Amino acid sequence: SQVVDLAALLQGEVADDPALADGDTLILPRELDRVAVLGAVAHPGLVTLEPGMTLMDALAAAGGWSQADSRPTETILWRRGEGEPRMTFIDAQALLRGDAAVANPRLAPGDIVFVPSRKEVTRDEAIRTLLGVTGVLRLLF
């Protein structure tokens, strides 16, 4: 059994590039230190989770809200955590104003931040959208 630093190998920082033979098994661990930022943001997709990263930090890393939806009313945080997934609806305008009554939660690996693309989207529509997306994202996380 041999452990190889794949990231270093791909960047050419490892001199030892072991040859593979028939029957060899490669085990590639999933990188879990990511969050997904989806919906009405400039650059939706996966964002590397930095230590202490908050919801607003993740939104900024995704380029902020898209131009067409520059005044979001609600942002949704989907967390798996221990047990059942949990959805939290966060008042985006209050966060932008710095309202102390609205928490800017720290994110955890695998969290999904979703900004609905329409101001008039109902919570049920947002939930249905997220439930459809989370199955695909589980493959990436």
Estimated FRET transfer efficiency (Leu96, Ser117; beta-carbon r; R0 22 Å; 0.05): 0.80
Gain upon complete extension [Ala8, Glu50; 0.36 nm per residue less C-alpha separation]: 13.1 nm
Cα→Cβ-extended label distance, 7 Å offset, between Asp22 and Ala60, nm: 5.6 nm
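Bear in mind that the values in this text are calculations on the coordinates, not laboratory data. These numbers were taken from a predicted model, which means no experiment stands behind them. Using ideal geometry, Cβ is built from the backbone for each residue, glycine included, and neighbour counts are taken over all protein chains shown.
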